[in-house]
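Q: First the structure, then my questions, so here it is.
The values are calculated or read from the model by the stated rules, or taken from the named source; none is laboratory data. Note that the structure is a prediction, hence the values are computed from the model and not measured. So basically every Cβ, Gly included, is an ideal-geometry build from the backbone, and we count neighbours across all protein chains shown. All accessible areas refer to the heavy atoms of the entire protein, side chains included, with ligands and DNA or RNA removed. Shrake-Rupley method; radii C 1.70, N 1.55, O 1.52, S 1.80 Å.
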Amino acid sequence: MLFGTPICSASTDTSQIRIEKLLNELKISPEDTHQVNILLELYWAHKQSSPVTAREYAKKAWHLSEALQYNKGIILSLNNLGMVEEDQGNFEKAMEYYMKELKFCDKIGDQSGLSSSINNIGNIYFSQNNYSKAMQYYERALKIDRDRNDDTGIAASYNNIGITYDMMEEYDKAMEYYQKSLKISRQVGDKENVANCLHNIGSIYEMRKDLKTAMTYYLRALKIDEDMGNNTGMVISYYVICGLYGEMGQFQEAFEYCNKSIATAKAVNSRHELNEAYLTIAEVYAKNKQFRKAFEQLRAHVELKDSLFTEQSTALIAEMDAKYEKEKQAQEILNLKQDNAVQQAIHEEELKRQDDLLKAYIAGIILVVVIALLVFRGYQLKKKANALLTQRNSHIIKQNNVIEFRNKQITDSIQYAKRIQDAILVSKNYLDKVLIDYFILYKPRDIVSGDFYWCYQFSNKKTMLAAADCTGHGVPGALMSMICNSLLNEIIIEKGINQVDTILDQLKEKLVQRLDQKGEIGESRDGMDIALCAIDKQGMTLEFAGAKNPLYHIRNGELKVIKGDKQSISYHRGEHKGFQKHTLSLEENDIFYLSSDGYKDQFGGLQGKKYMESNLRNLLVSINHKSMPGQKNALEQEIVSWQGKHEQIDDICVIGVRV
């Protein structure tokens, strides 16, 4: 955890009872330093759940502190405003507040606030991955803290420098500064920083794959968090320990800490930490091959992430719109006043011309002046309108920055989901052992994929192999792939079924049940197309069944296509006829291929058309003499060349096996 706010001492109790009590105190409090402190406590009470409201309380505290010339209130308010902007990804605005804090602290000679503001600026550069610049500010803060003999500040700066070295992958230096921070924090009794340092040291050991030592540090940090009643620290410790036990293969212990993490996060309404806990737990379930539970945790994470994003973005956008409307109304009132003034001037000129014709020359001059004023007024109004438009554009730019920041968070979550999906896919080591001479061309359209490959070998050496294509791509497709993958595990591995037609029949039945599909109007048509085969190398036979997708078989340079049934693994009206099984005899050096439709449906070429299955067949024939890795390269080069500047429209999965 980065430190940039050691000067903040306000309570972080976010219960509704506490908020109501503070609001009642605020109503009866005079405009004095006590009211500033109430406003700052309200800031902390809303910081996580409603950053827009928190920002308003910090602004009120700032303005009141300036009116009272309350220096501590000014510093705390600017510090808090910088933090809330930083949390929302508004780094430019955060930097503006931190710089104001720095200049003010420098002006009044407040070295503690000066150190804090410099650390905060370092954190901004850290957030933007500018580690060298961040390091410069952390070292400046460290020098100030040393000059002041401020051990707490020194420990915080050591920790920040350690984390920066950690991110720069200079782990020995990171460990050195973590240990320095830990030693001082113990001396001054700063238990919270002791726990954070223990966490950071544990992460270094975990990175070095010394998992037992890492666990020792994590458990020590947890003990401190529990003794302090630090609920947020406890939630983080629980899910970190859960993930580490998962890495160690100790799943019973992992699930124990999983449950503690979720229960504690829900009890204290720590939604951000709960969101991270869901992700970690999903990965642990995936490692334990409990794919259904992994899917449920990942779905909970996505839903909570969307909820948090919607709440914060809606509040920010509403605030921007309200400000714009207020400015617009003020501008309209100003324009109306100016219009009335001009009309009054014209009326007076008309009276003068009627009363005194002899003064026509003078009136003419006055009229020219009035016209000039009108032109000037029009210019001024246009200038103000342009300024208002510029301001509105600035709001939009800031709004876009918020959205970009949230999109980055969502992308990070999807990257984490990719780790889970990769854990579900069959490992290369297992495939090398079972298939021996093969290739798999796997190209997701997005970060995660609706296509997946699956393989399992029974004790009698009969090998099941599948290339599957779930409805959609990206996150929706990936979620479907997790369901279908878990069903294949259940039917083939758990139940031991090895007849390809029976497997597809049961797969269809179970998926329809799992998705609760009944054929109602407006119901989703989610499902899966799949090519599934059972390879018996001892008996030299291959059994195949397909839902839409075919099997390609090449012997002595001649291609034969065995088509799948014209039905998907999903609900359809009428009686289910059952999938058909095809049996082939195999000879040495035979090659067979399984594929989703992503390759043949890719748009490209000079006319932007689909690649088409006929071209795929010709390509397979032309490259079948190559080694299997050579065939994979040829397929990949061909699709890249064909695609050109066109976007990839679907996930791609092609499997080739030589007997």
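Q: Residue check, VAL52 against (1) of a type in the set (Val, Ile, Thr); (2) open to solvent by 10 Å² or more (accessible area, probe 1.4 Å); (3) under 19 Å from SER127 (Cα atoms), all met but one. Which one?
A: Unmet condition: (3).
Q: Quick check on my filter: what residues within the range 230-277 are open to solvent by 40 Å² or more (accessible area, probe 1.4 Å) and of a type in the set (A, V, I, L, M)?
A: ILE236, MET248, ALA263, ALA267, VAL268
Q: Right, here's the next one. Scan the range 413-425 and report the pairs whose first residue is of a type in the set (D, E, K, R) and open to solvent by 50 Å² or more (accessible area, probe 1.4 Å) and whose second residue is modelled with pLDDT of 75 or more and not in a helix (DSSP H, G or I), with Cβ atoms within less than 8 Å and a gap of 6+ or a chain change.
A: LYS418/ILE447; LYS418/VAL448
Q: Would you mind telling me which numbered condition in (1) outside any loop (DSSP other than H, G, I, E, B); (2) open to solvent by 30 Å² or more (accessible area, probe 1.4 Å); (3) not charged (D, E, K, R) GLY496 fails?
A: (1)
Q: Here's a follow-up. Taking GLY598, is it open to solvent by less than 30 Å² (accessible area, probe 1.4 Å), at negative phi and either among the aromatic types (Phe, Trp, Tyr) or not in a loop (DSSP other than H, G, I, E, B) (or both)?
A: When the stated conditions are applied, GLY598 does not pass them.
Q: For ASN269, only one of the following conditions fails: (1) in contact (Cβ under 8 Å) with a residue 60 or more places away in the chain; (2) in a helix (DSSP H, G or I). What is its number?
A: (2)
Q: Would you mind finding the one in GLY608, GLY519 that is open to solvent by less than 20 Å² (accessible area, probe 1.4 Å) and under 43 Å from the mean Cα position of the chain (by Cα)?
A: Going through GLY608, GLY519 in turn, the sole match is GLY519.
Q: In this structure, does SER459 turn out to be closer than 16 Å to MET482 by Cα and of a type in the set (S, T, N, Q)? Steps first, please.
A: Values: closer than 16 Å to MET482 by Cα: no; of a type in the set (S, T, N, Q): yes.
No; evaluated as a whole, the condition is false for this residue.
Q: Of these, ASP227, ASP306, which one is at pLDDT below 80, in a helix (DSSP H, G or I), surrounded by fewer than 18 Cβ atoms within 10 Å (Cβ to Cβ) and of a type outside the set (S, T, N, Q)?
A: ASP306
Q: Within the range 619-646, which residues are within 14 Å of GLY605 (Cβ to Cβ) and assigned to a loop (DSSP other than H, G, I, E, B)?
A: Going residue by residue through the range 619-646, those that are within 14 Å of GLY605 (Cβ to Cβ) are 619, 638-646.
GLY644, LYS645, HIS646, listed by residue number.
Q: Sticking with this one: Quick one: which residue in SER585, SER568 is open to solvent by 50 Å² or more (accessible area, probe 1.4 Å) and among the small types (Gly, Ala, Ser)?
A: SER585 is the lone residue from the list that is open to solvent by 50 Å² or more (accessible area, probe 1.4 Å) and among the small types (Gly, Ala, Ser).
Q: Follow-up question, since we're still on this one. Restricting to the range 413-439, name every residue that is within 25 Å of HIS625 (Cα to Cα), among the aliphatic types (A, V, I, L, M) and not in a helix (DSSP H, G or I).
A: LEU435, ILE436
Q: Could you count how many residues in the range 192-224 are at pLDDT below 90 and surrounded by fewer than 18 Cβ atoms within 10 Å (Cβ to Cβ)?
A: 4
Q: Just the residues that are among the basic types (Lys, Arg) and either open to solvent by less than 30 Å² (accessible area, probe 1.4 Å) or within 27 Å of LYS461 (Cβ to Cβ) (or both), please, taken from the range 522-543.
A: Matches in the range 522-543: LYS537 only.
Q: Let me ask another. Specify the residue that is nearest to GLU558 (Cα to Cα); the eligible residues are those in the range 616-644 that are under 39 Å from the mean Cα position of the chain (by Cα) and polar (S, T, N, Q).
A: If we take residues in the range 616-644 being under 39 Å from the mean Cα position of the chain (by Cα) and polar (S, T, N, Q), then GLN631 is nearest to GLU558 (Cα to Cα).
Q: Using beta carbons and a limit of 8 Å, which pairs, at least six apart or on different chains, have the first residue in the range 553-578 and part of a loop (DSSP other than H, G, I, E, B) and the second one among the β-branched types (Val, Ile, Thr) and open to solvent by 30 Å² or more (accessible area, probe 1.4 Å)?
A: Matching pairs, first to second residue: GLY557/VAL621; SER570/THR471.
Q: Something else now. Please note which helices (runs of 4 or more DSSP H) are completely contained in the range 44-116 and include at least 2 residues that are closer than 22 Å to ARG148 by Cβ and either in contact with a Phe, Trp or Tyr (Cβ under 7 Å, 6 or more places away or on another chain) or of a type in the set (A, V, I, L, M, F, W, C) (or both).
A: On the way: elements: 51-68, 71-87, 91-108.
Output list reads 71-87, 91-108.
Q: Continuing with the same structure: Residue check: is GLU169 modelled with pLDDT under 90 and open to solvent by 70 Å² or more (accessible area, probe 1.4 Å)?
A: yes
Q: Determine which member of the set LYS632, LYS563 is under 23 Å from TYR438 (Cα atoms) and crowded, with 17+ Cβ neighbours inside 10 Å.
A: Sole residue among the options that is under 23 Å from TYR438 (Cα atoms) and crowded, with 17+ Cβ neighbours inside 10 Å: LYS632.
Q: I've got another one for you. Does the range 645-657 contain any residue that is surrounded by 17 or more Cβ atoms within 10 Å (Cβ to Cβ), over 32 Å from the mean Cα position of the chain (by Cα), of a type in the set (S, T, N, Q) and under 24 Å from ALA468 (Cβ atoms)? Talk me through it step by step, then tell me what you get.
A: Narrowing the range 645-657 to residues surrounded by 17 or more Cβ atoms within 10 Å (Cβ to Cβ): 648, 650-657.
The next check asks that each one be over 32 Å from the mean Cα position of the chain (by Cα); those that pass are 656-657.
Still in the running and of a type in the set (S, T, N, Q): none.
No.
Q: Right, something else. Of everything in the range 428-479 that's open to solvent by less than 50 Å² (accessible area, probe 1.4 Å) and among the basic types (Lys, Arg), which residue is farthest from the chain's Cα centre (by Cα)?
A: Across the range 428-479, the extreme among qualifying residues is LYS462.
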